[in-house]
Structure formats: structure tokens, C-alpha cells
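Engineer: This structure is in C-alpha cells; I'll ask about it shortly.
The values are calculated or read from the model by the stated rules, or taken from the named source; none is laboratory data. For clarity, every value in this text was computed on a predicted model and none was experimentally measured. Positions of Cβ are backbone-derived with ideal geometry, glycine not excepted, and every protein chain shown enters the neighbour counts. Calculation scope for accessible area: heavy atoms of the full protein, side chains included, ligands and nucleic acids excluded. Shrake-Rupley method; radii C 1.70, N 1.55, O 1.52, S 1.80 Å.
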Amino acid sequence: MKLTFRWYGENDPVTLKKIRQIPKMTGIVSAVYDVAPGGVWSEESIMKIKNAAEAENLEFEVVESVPVPEDIKLGSKNAPELIDNYCENVTRLGKAGVKCICYNFMPVFDWLRSELEHQQSDGANALAYDENTVLGMNPLTSELSLPGWDASYSKEQLKGLLQKYEELGEEKLWNNMQTFLEAVIPVAKKAGINMAIHPDDPPWGMFGLPRIITCEKNYDRFLNIVPESENGLTFCTGSLGANPDNDLVRMADKYADRIHFVHLRNIKITGERRFEEVGHPTDCGSIDMFGIAKALVDRGFDGYVRPDHGRMIWGEKGRYGYGLFDRALGATYLAGLFEAIEKLK
């Protein structure tokens, strides 16, 4: 596997110089952040990231993410033009040496939490989710301030989107995803890029919004839409693991040849649709990190891995979930875990 680290660009307090000092780190996961979803990334912006990474002896082979505009998910009249723009981005990234693109197809928000600084017994704080808190906030009658919700939408825009998605439903969302995949995957194949869809986070619907990348049954359906190997997965253990019905060890084994990118993180399930993010090792939470890594190694996985959301520890302040200290600890844990499994094999 190739160990990578998320980097949010020049304004990220976790600098490339710090990332390169993490043992076994091979590259960064980044994106162009100053272009709205649906726009075309300039070749200069892409190469700026690549050159900055290479100056610190790091690779830039994974993009997270090229956002899919709402109009593509909704199948709006301008969806074909936006899909063309998306394909152009894929082509440009391939020319720059990118090998994998992580993206999602989640309506309106990328992830959702009810708390940013959940206090833990050891003094750390972390992201947490409580379904009762989330459902207690009506996005149409109150100011929605839940982490992960796109605050750039006005209340009227949000109301319109919710209504459109309620009318759309899951089956039409699947249909629009098929249209997207049938256009993008051939372009990705030509560009030498693997597309890796991220599961919905958390993996269930809310506020009437359909969520479809949530479980093994839906993974099967997704992968069969376009059976090319370039149509693959970002296997995010923290997202999928929020639903204890998802057998992650089984899924890692089953889909290893279609998993191109792995977000390895742990969560502790504290009730029905309640969880908090914890340290990466297995014993810290509810997810069998060893079992997942072993399943991947046993199936010959050689793709990209990154530590995902970290706690805030040792007094660190920064981008929630993306501080340096706990993610660096997670990265070294993952490096040791994979080394041991690979050598024992």
C-alpha cells in the first residue's frame, strides 16, 4: 500500500514540510479549492499542487475530491455540460500524473456531525454524531448549523434543493449516477485514472434526502453499473462502520480488487445511530482495523491508504478532524499494521 495524507493547500496549517516527516509517508491527497463545483480546473493550479508536493519529496497521485455538482445528481438540464467539464478535469489530472480521484454522490452535504468538539475521557476532543440532535433541527424552519452542512446555500435555495431531492427519490438518483458513470469512466480509463466513490457519511438518509452508497447490497449495484475496474471504491471504514450491520472485514475482502483508496479510521458506536470518532487502533473503538487491513493484504491490495479524521490532542487547534498530531499517530499505526501483516504473510 501507499501511505498518503490529506493536505488542504497553502493555507493548511499542516504544512508539506510537516507531512514529509511522518514515517513511510509517500504522498499527499489534495485538490484545487478555488474553483466552484462544475468549473474546470486550470492546468496551472493542478501543476502548482504537484510541484509543491514534489519539492518536499512527496507524490501527488490522489485527488480528493473533484466535486459532483448538485445539477448532475438531480439530472438538471445543464447536467450534460457539467459532466463534460468533469471529464475535462479528469483528463487534465491524468496528464499531471494523478492516478486516483475520490468523489462522492451525496446530495447537498458531504458529511454530517452533530458535534465538533465532543469531549473524551482522556482530554481529547473529536467529531461526534447523535441522530436525535440532528433530527431535532429542521433545516426549513431554523438556522441549520450542523457540521458538514453546506452553509453557502440560502434558506430558499436549501428549501428548493430539499424539495427537488424529495421529488427525485433514490431510483432517479441511481439513474443520474449511471448517466454520470457512463460518461466519466471511459474518460478516466483513457487518462489512466481510477475513480473511487466515497460512501455516504453517515450511511443513511435524513431530511428526506436519498443516500445510496451505504451498504454491501448497494455496492454490488454500483459496481455493476459500469463493471470496468476503473469504476471503484474509496473504502471509508468510519463512514461505513457507523452502521454496525456493515461487515467491513467481509466487504474489504469482497471488494479488494475494486478498492482504489482506503480511508482507515475508527469510531466508537455509543448507541443507535450515535457514534464518536476515536484513535485509529482497533481497541480504541468498534471497528476491526486489523481485520480490515489483513483482508486487504491477503487479497493483494496495493492502492492508496490514508489516516482519516483525527481527534484534537495535546492542545492542538485547527481544521476539525484534520489536525496533525492524531492523524500522524494514525499514519504510523497504519504503517506498522500493514508492515506486520505483509511480513507475516
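Engineer: Among the residues of region 26-48, count how many are open to solvent by less than 20 Å² (accessible area, probe 1.4 Å) and within 22 Å of Ala328 (Cβ to Cβ).
Structural biologist: Summing the residues that are open to solvent by less than 20 Å² (accessible area, probe 1.4 Å) and within 22 Å of Ala328 (Cβ to Cβ) in region 26-48 gives 5.
Engineer: Oh, and also: Looking only at region 178-204, which residues are open to solvent by less than 10 Å² (accessible area, probe 1.4 Å) and within 18 Å of Arg258 (Cα to Cα)?
Structural biologist: Correct list: Leu181, Val184, Ile185, Ala188, Ile193, Met195, Ala196, Ile197, Pro199, Asp200.
Engineer: Then there is this: Name the residues in region 305-327 that are open to solvent by less than 20 Å² (accessible area, probe 1.4 Å) and assigned to a helix (DSSP H, G or I), would you?
Structural biologist: Asp326, Arg327
Engineer: Still on this model: Does region 157-175 contain at least one residue that is open to solvent by 50 Å² or more (accessible area, probe 1.4 Å), farther than 23 Å from Glu64 by Cβ and in contact with a Gly (Cβ under 6 Å, 6 or more places away or on another chain)?
Structural biologist: Yes, region 157-175 contains a residue that is open to solvent by 50 Å² or more (accessible area, probe 1.4 Å), farther than 23 Å from Glu64 by Cβ and in contact with a Gly (Cβ under 6 Å, 6 or more places away or on another chain).
Engineer: Filter region 49-75 down to the residues that are of a type in the set (Gly, Ala, Ser), at pLDDT 95 or above and open to solvent by 10 Å² or more (accessible area, probe 1.4 Å) and list them by number.
Structural biologist: Ala52, Ala55, Gly75
Engineer: Step by step: first the residues of region 212-226, then only those that are more than 22 Å from Met1 (Cβ to Cβ) and open to solvent by less than 10 Å² (accessible area, probe 1.4 Å), then the one that is nearest to the chain's Cα centre (by Cα). Which residue is that?
Structural biologist: Among residues in region 212-226 that are more than 22 Å from Met1 (Cβ to Cβ) and open to solvent by less than 10 Å² (accessible area, probe 1.4 Å), the one nearest to the chain's Cα centre (by Cα) is Ile213.
Engineer: Return the residue satisfying two criteria in turn: it lies in region 242-254 and is in contact (Cβ under 8 Å) with a residue 40 or more places away in the chain and of a type in the set (A, V, I, L, M, F, W, C), and of such residues it is surrounded by the fewest Cβ atoms within 10 Å (Cβ to Cβ).
Structural biologist: So the residue we want is Val249.
Engineer: Among Ser229, Ser239, which is surrounded by fewer than 21 Cβ atoms within 10 Å (Cβ to Cβ), under 26 Å from Ile28 (Cα atoms) and of a type in the set (Ser, Thr, Tyr)?
Structural biologist: Exactly one of Ser229, Ser239 is surrounded by fewer than 21 Cβ atoms within 10 Å (Cβ to Cβ), under 26 Å from Ile28 (Cα atoms) and of a type in the set (Ser, Thr, Tyr), namely Ser229.
Engineer: At pLDDT 95 or above, over 21 Å from Gly192 (Cα atoms) and among the polar types (S, T, N, Q): does that describe Asn104?
Structural biologist: no
Engineer: Inside region 260-288, can you point out the residues that are touching a Pro at 6+ places or on another chain (Cβ under 8 Å), open to solvent by 50 Å² or more (accessible area, probe 1.4 Å) and in contact (Cβ under 8 Å) with a residue 60 or more places away in the chain?
Structural biologist: Arg273
Engineer: Among the candidates Asp302, Asp257, single out the residue that is over 24 Å from Asp122 (Cβ atoms), open to solvent by 40 Å² or more (accessible area, probe 1.4 Å), part of a loop (DSSP other than H, G, I, E, B) and of a type in the set (Asp, Glu).
Structural biologist: Asp302
Engineer: What helices (runs of 4 or more DSSP H), lying completely within region 1-112, carry at least 1 residues that are in contact (Cβ under 8 Å) with a residue 24 or more places away in the chain, closer than 30 Å to Gly208 by Cα and of a type in the set (A, V, I, L, M)?
Structural biologist: Where helices (runs of 4 or more DSSP H) fall fully within region 1-112 and carry at least 1 residues being in contact (Cβ under 8 Å) with a residue 24 or more places away in the chain, closer than 30 Å to Gly208 by Cα and of a type in the set (A, V, I, L, M), they are 70-74, 79-95.
Engineer: For region 13-25, what are the residues that are charged (D, E, K, R) and exposed (fewer than 14 other Cβ atoms within 10 Å of the Cβ)?
Structural biologist: Lys17
Engineer: Cβ-Cβ below 6 Å, separation at least six or inter-chain, first residue in region 221-238 and under 14 Å from Phe180 (Cβ atoms), second open to solvent by 10 Å² or more (accessible area, probe 1.4 Å): which pairs?
Structural biologist: Ile225/Gln178; Glu230/Lys189; Glu230/Asn194
Engineer: If you don't mind, there's one more thing I want to ask. Evaluate the following for Phe207: is it in contact with a Pro (Cβ under 8 Å, 6 or more places away or on another chain) and open to solvent by less than 50 Å² (accessible area, probe 1.4 Å)?
Structural biologist: yes
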